[in-house]
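What follows is a set of notes on a single structure, which appears directly below.
The values are calculated or read from the model by the stated rules, or taken from the named source; none is laboratory data. No experiment lies behind these values; they were computed from the predicted model shown. Note that each Cβ is placed from the backbone with ideal geometry, even for glycine, and that neighbours are counted across all protein chains shown. Just so you know, the surface numbers come from the protein's heavy atoms only, side chains and all, with ligands and any DNA or RNA stripped out. Shrake-Rupley method; radii C 1.70, N 1.55, O 1.52, S 1.80 Å.
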Amino acid sequence: MTHRPLNLMNRYPRVSIRARAAALPCLVLGIALGAGAQVPRASWPTEPVSAPRTMVVSASRIASEAGDRVLKSGGNAVDAAIATGFALAVTYPTAGNIGGGGFMVIRFPDGRATTIDFREKAPLAANEKMFLDSAGNYSYEKHHESHLAVGVPGTVAGLAYAHRKYGAKPWRTLVDPAVKLARDGFAAPAGLAQSLAGEMARFQKYPATVAAYSKNGTPYAAGDTVRLPDLARTLDRIARQGRAGFYAGETARLLVAEMQRGGGIITLQDLARYAPVERVPVRGTYRGYDIISMPPPSSGGIALVEMLNIMEGADLKAMGPNSAAHIHYETEAMRRAFRDRARWVGDPDFNRVPVARLTSKSYAAAQRASIDAQHASASAPADVDVTSEGVHTTHYSVVDASGMAVSVTYTLEYGYGSAIVVPGAGFLLNNEMGDFNPQRGVTTDQGQIGTEPNLVRPQQRMLSSMTPTIIARDGRLVAVVGSPGGRTIINTVLQVVSNVIDFDMNIQQAVNAARIHHQWLPDVIEIEEQGVSADVVRQLEVMGHRVTLGGEQGTAHSILIDRRTRARLGAADPRDPDSGAVGH
Ligand code: DON
């Protein structure tokens, strides 16, 4: 067993210098995180917030309040999700965004469901070799820390699409709260102040970023008023013009000018052509519950359903939560699903992804049969022996009075994305191109993947792990779940769902419970600090597992509907110090 400080994706992951050498950006992003604003586990709430009609849970209480006000004024869950999304772009800049992308899963009160894919795309001028240096070697810098790492943003187009098709309130009223927050300012919550202070060194490369996110180079302290005037003007253009306020005119011109200044390849044509896609959800069942989740280009829904299908064949309750037997079984399910993710999953507009087969009960039965109850299986790059992803993000959940539920996960990829603020436009650009497989055929035991489906092609969407998910039973809404944290996302969602269904935890306990992570390669189980006893670790090691302890896994801001009273029970994840569950 080894101990590593904060080895898992965190609330405010930072790119550390160590990340350069790592093939697994997501798992090393969190390591440099200071823990000052962290709430000690012993004082975490153990009961969710209860409200009779509506609930919004997000990483920023201020943003949840913006969503709640929209619901109070008669907006539906989609309206509230849009308002919360824009507010997060102001108050939670590590991942809330207009310069990134993400996914929305919607379940309507009548049981129908749909998803909106507003994932970033590779620019028209992208190519498979763009992350290699002149000698043909992989360049971490090009892949994750350059203007080339920026994908064509999708968030504004995605939220505008959701509004046009499913919203009820006027668009402007949903963007205006964010405009006001950015223009008039807000008091920096403790987590944000701490996070920004930790990023100052990384921001130095980009004067517009230092100007936006510090007081002339001095970090904000908790309680200081943060004003973002350039961002306020961009948001105001979006409020007045809709998607054109981002993809055309002044905002587009400023974005492209920054690309040209910094050696990026996004053009006005890339921006004009960007379109979100409405896709059929991935569906599965788990012990009588319906699982509704995100299809490709996310790997999340497929992997979640595959793991649940495998686990359905085991009596987890008898094993007990986080016992050695439970962790062993869950790990073996994770290992298999992450192998299949690497082998098969990429943008469905460019690849034939065998969704039905990977999510079938018969496929899971075959996978289950290969699990030895006493011994760890092996993972090896050769398991995907074809030519074979790479990895801040935030998730929020909304339920309105009618029972409409919205599950949104969106991201800039790393904390603060590329750390590039577009001069004059005030928003941060993603570094999502880092989620493409950088080198054909190079799959390493450290987790770099080189398989075909997720190589860079112009206009392709990079593979994601984001897993916004909704659970129902007998036609009624049960829960809204999701998480940030790169490849840990899928496993976080798996464990929250299993904690509720298998172990009868209330939603706050299910969110709080220590989590584990295994992603096929590297072949190691990561377990959150204080997650399990030394004895359980010993038993796992005897079975042949490698175990690493330390850090925190991604957050999981979730909602459960009380079966009897139909009250909305909101669980803000205390791993996110500024988070809030707000309902009425
Ligand atoms: O789409 C993905 O899977 C990643 N770009 C998500 C990145 C992430 O979750 C980073 N951290 N919290």
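Give me the percent of accessible area attributable to carbon and sulfur for the chain, probe 1.4 angstrom.
The computed percentage sits at 53.
To the nearest 10 Å², what's His147's accessible area with a 1.4 Å probe?
Surface open to solvent at His147 totals about 10 Å².
Once every DSSP H run of n ≥ 4 in the chain is given -39500 (n - 2.57) and the sum is divided by its residues, what mean residue ellipticity at 222 nm do you get, rounded to the nearest 500 deg cm²/dmol?
-10000 deg cm²/dmol
To the nearest 0.05, what FRET efficiency results for His375 and Thr46 with a Förster distance of 35 Å applied to their C-beta separation?
That pair, His375 with Thr46, gives E of 0.45.
Between Thr225 and Lys361, what is the label-point separation in nm under the 7 Å Cα-to-beta-carbon projection?
If labels sit at Lys361 and Thr225, their model points lie 6.1 nm apart.
Could you tell me which of rounded, prolate or oblate describes the range 38-113, using a ≥ b ≥ c as the square roots of the eigenvalues of the alpha-carbon gyration tensor, with rounded for a/c under 1.5 and, failing that, prolate when a/b is larger than b/c and oblate otherwise?
Here the range 38-113 falls in the oblate category.
Listed highest first by mean packing, meaning other Cβ atoms within 10 Å per residue, what order do 448-461, 313-326, 214-227 come in?
Ranked from most to least packed, the peptides come out as 448-461, 313-326, 214-227.
Over the Cα atoms of the range 292-350, how large are the radius of gyration and the largest Cα-Cα distance (Dmax), in Å?
13.2, 43
Compute, for the chain, the length of the dipole vector about the Cα centre, with Cβ point charges of +1 (Lys, Arg) and -1 (Asp, Glu) only. Units Debye, rounded to 20.
That gives a dipole near 1240 debye.
Using a/c under 1.5 as the rounded threshold, could you call the range 446-584 rounded, prolate or oblate? The axes a ≥ b ≥ c are square roots of the C-alpha gyration tensor eigenvalues, and prolate needs a/b larger than b/c, oblate otherwise.
oblate
Debye calculation, C-alpha points only, no solvent: report log10 I(q)/I(0) for the range 176-219 at q = 0.26, 0.31 Å⁻¹, in the same order as the q values.
Those come out to -0.96, -1.07, one per q.
What percentages, rounded to whole numbers, describe P(r) for the range 324-375 computed over all alpha carbon pairs with 5 Å bin width beginning at zero?
4, 18, 26, 21, 14, 9, 5, 2, 0
Could you rank the peptides 88-97, 168-177 by their average count of other C-beta atoms within 10 Å per residue, with the highest value first?
Per-residue mean Cβ counts within 10 Å order the peptides as 88-97, 168-177.
Quote the convex hull volume per residue of the range 513-552, based on C-alpha atoms, as a whole number of Å³.
That works out to 64 Å³ per residue.
Please give, to one decimal in nm, the separation of the simple spin-label points placed at Ala125 and Arg476, each 7 Å out from Cα toward the Cβ.
Taking the simple label geometry, Ala125 and Arg476 are separated by 5.7 nm.
Rolling a 1.4 Å sphere over the protein heavy atoms, what is the accessible area per residue of the chain, to the nearest Å²?
31 Å²
Could the peptides 123-130, 566-573 be put in order, highest first, of the mean number of other beta-carbon atoms found within 10 Å of their residues?
Most protected by this proxy first, the peptides run 566-573, 123-130.
Please compute the net charge surrounding Val56, taking Lys and Arg as +1 and Asp and Glu as -1 over other residues with Cβ under 12 Å from its Cβ.
+1
Just want to confirm a number: the relative contact order over the range 93-161, from Cα pairs under 8 angstrom separated by 6+ residues, in percent.
Dividing the mean separation by the residue count of the range 93-161 yields 40 percent.
When Rg is the radius of gyration of the Cα atoms in the range 91-209 and Rh is its Kirkwood radius, what does Rg/Rh come to?
Using Cα coordinates only, the ratio equals 1.05.
Averaging sequence separations of C-alpha pairs under 8 Å and six or more residues apart, then dividing by the length of the range 488-584, give the relative contact order as a whole percent.
Averaging sequence separation for qualifying contacts and normalising by length gives 25 percent for the range 488-584.
Going by a ≥ b ≥ c, the root eigenvalues of the Cα gyration tensor, does the chain fall in the rounded group (a/c under 1.5), the prolate group (a/b larger than b/c) or the oblate group?
rounded
Cβ under 14 Å from Arg287's Cβ, Arg287 left aside: what net charge do those residues give with Lys, Arg +1 and Asp, Glu -1?
Result for the local shell: -3.
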